[in-house]
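A short worksheet on the structure shown next.
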Amino acid sequence: MAFPPPPPAPASYPALPRTAHRPGSSAAVALSLLALLLIADLVLFVLPSWLLVEGRAARSGSLTLSLGVLLSVLYAGLVALIGRTTVRRLVAALVALSVIPIHLALTVVVRVTAFHHVQDIVAVTTSVGVVSSLLCLVAWGIARRDGALWTIGLVALPIATVVQWLARDDLSDLLHELGGGGRARGPLVAWTILWLWNTAQVLATGALCFAIDRLTSPNTTTARHPRG
């Protein structure tokens, strides 16, 4: 009895094509929204202090704190928007929101603690600023980065802070010269320079983390998961 030939073996499924990883429009949108938040942070940092020096308005600590909390919430919304996966969005947003209780605690400490020297207040606020900035960078990294080696770049922030701390006297002399020289816009320029002084190191650290991530992460990803 002749048996029919066996059926042909099923064709193997073709491998998923591998495509070059492209940041896409989401990266451009993320950077644009980040730029808007930085502008808002600049205005919040500079304008109240300048108006106070000019005698045009009284400083409202509660208002400034509320606006700072609002910026933190907006940043958390930003990292949640640009996250590559749902889990990344959630974790990144939670990390970004953790900055809020830290700043609230700092406000309470400054108000109830009798500091004997101005440098003590500066040291405390600088330390809290470093921690908050690191949390913001970590939140962005969780949302957007591909690998894990980018975290090495975070070390640059405390190092840059120490270097800036050693140069604080020179900065203070410059700000005093700009703010007290009788110039109409002197205080405004001085506060803007101070904001740049505090922000540049954070942006530079973020750029370093991005560079490390690009150099150490695979250049391709499967077409099935184009967002990582």
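The values are calculated or read from the model by the stated rules, or taken from the named source; none is laboratory data. Keep in mind it's a predicted model, so treat the numbers as computed, not measured. Positions of Cβ are generated from backbone atoms using ideal geometry, with glycine treated the same way; all protein chains shown enter the neighbour counts.
If Y75 satisfies all but one of (1) modelled with pLDDT of 90 or more; (2) hydroxyl-bearing (S, T, Y); (3) surrounded by 14 or more Cβ atoms within 10 Å (Cβ to Cβ); (4) over 16 Å from T199 (Cα atoms), what's the number of the condition it fails? Evaluating Y75 over (1) modelled with pLDDT of 90 or more; (2) hydroxyl-bearing (S, T, Y); (3) surrounded by 14 or more Cβ atoms within 10 Å (Cβ to Cβ); (4) over 16 Å from T199 (Cα atoms) leaves (4) as the failure.
Where residues in the stretch 146-166 are at pLDDT 90 or above and exposed (fewer than 14 other Cβ atoms within 10 Å of the Cβ), which of them is nearest to A92 (Cα to Cα)? Here the residue is A148. Scanning the stretch 103-120 for residues that are farther than 16 Å from L70 by Cβ and surrounded by 14 or more Cβ atoms within 10 Å (Cβ to Cβ) gives L106, V109, V110. Say whether the condition of being at pLDDT below 90, loosely packed, with under 14 Cβ neighbours inside 10 Å and hydrophobic (A, V, I, L, M, F, W, C) is met by at least one residue in the stretch 123-145. So far as the stretch 123-145 goes, yes, one or more of its residues are at pLDDT below 90, loosely packed, with under 14 Cβ neighbours inside 10 Å and hydrophobic (A, V, I, L, M, F, W, C). Restrict the check to the stretch 194-217 and report whether at least one residue is modelled with pLDDT under 85 and at negative phi. So far as the stretch 194-217 goes, yes, one or more of its residues are modelled with pLDDT under 85 and at negative phi. Restricted to the stretch 111-143, and to residues there that are among the hydroxyl-bearing types (S, T, Y) and under 9 Å from the mean Cα position of the chain (by Cα), the residue that is nearest to R214 (Cα to Cα) is S133.
Among the residues of the stretch 84-103, those that are assigned to a helix (DSSP H, G or I) and either at pLDDT below 90 or under 12 Å from S132 (Cα atoms) (or both) comprise V95, A96, L97, V99, I100, P101, I102, H103.
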